Amino acid sequence: MTEKSCGPVARTVLQQCLQARLQVKPADEHSEAQFVQIDRGMVIYICFFKGATDDILPKMVSTLLNLRLCESGSGKVVSVTELPGSLLIVPQATLGGKPKGRAMQYHNNISKEDGLRLYSTFVSLCEKELAAAASAGGGAQVAVKHGTYGNRQVLKLDTNGPYTQLMEF
């Protein structure tokens with residue numbers, strides 16, 4: 001089942017970027033904080049809802065990576081695969097929140113175990129598709145970096161315009 005009759009099974013927010021840096025592990029008494037970073041490309045924030053299955057992932061990856069949302073050097077709007085650009089994938093459970101009174105509730109979010117599995121598969125599919133596009137386009141250096149599922153993370157984003165898009169599947 002890829003969609004429930006009561007609504008979407010995943011929500012994403014897309015943001016083009018010139019550079020993005022995400023803390024994937026906070027500092028502790030034994031080590032410094034760890035970060036991942038990309039240059040020009042796109043940040044994908046992603047949240048899965050109850051009812052999401054692996055069936056929706058290929059459609060999500062194809063749609064998100066082929067949408068023309070990134071500004072090229074000439075000013076033309078192209079997809080991240082056409083740019084070619086890098087991806088930073090950020091798990092964002094708060095995208096599943098609904099207000100109740102003055103608080104937010106997340107009852108429609110998928111379980112942590114199922115969410116982690118879908119998130120990991122989503123990242124792998126993005127890596128494969130972006131690598132294929134980069135090799136077809138002359139082997140440009142692109143990267144797929146991702147955050148740590150279930151952890152709070154700190155993001156630093158440099159963009160040439162808050163060109164932010166919401167997509168539901």
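Of note:
- Within the range 37-55, being under 27 Å from ARG68 (Cβ atoms), of a type outside the set (S, T, N, Q) and open to solvent by 30 Å² or more (accessible area, probe 1.4 Å) holds for ASP39, ARG40, TYR45, ASP54, ASP55.
- Any hit, the range 142-153, residues being within 23 Å of VAL77 (Cβ to Cβ) and among the aromatic types (Phe, Trp, Tyr): no
- Matching residues, the range 119-169, being under 17 Å from THR81 (Cβ atoms) and polar (S, T, N, Q): SER124, SER135, GLN141, GLN165
- Within the range 70-114, the residues that satisfy the criterion of being under 27 Å from ARG152 (Cα atoms), among the aliphatic types (A, V, I, L, M) and either in contact (Cβ under 8 Å) with a residue 40 or more places away in the chain or touching a helix residue (DSSP H, G or I) at 6+ places or on another chain (Cβ under 9 Å) (or both) are VAL80, LEU87, LEU88, ILE89, VAL90, ALA93, LEU95, MET104, ILE110.
- Pairs where the first residue, in the range 53-68, is over 10 Å from THR121 (Cβ atoms) and the second is among the basic types (Lys, Arg) and open to solvent by 40 Å² or more (accessible area, probe 1.4 Å), C-beta under 9 Å, 6+ apart: ARG68/LYS76
- Those strands (runs of 3 or more DSSP E) lying entirely in the range 68-169 with at least 1 residues among the aliphatic types (A, V, I, L, M), open to solvent by 80 Å² or more (accessible area, probe 1.4 Å) and at pLDDT 95 or above: 103-105, 164-168
- Verdict on ALA52 being part of a loop (DSSP other than H, G, I, E, B) and small (Gly, Ala, Ser): yes
The values are calculated or read from the model by the stated rules, or taken from the named source; none is laboratory data. Just so you know, these numbers come straight off a predicted model, no measurement behind them. All Cβ positions, even for glycine, are placed from backbone atoms using ideal geometry, and neighbour counts span all protein chains on display. For the accessible areas, the whole protein counts, side chains as well, though only heavy atoms, and no ligand, DNA or RNA atoms are used. Shrake-Rupley method; radii C 1.70, N 1.55, O 1.52, S 1.80 Å.
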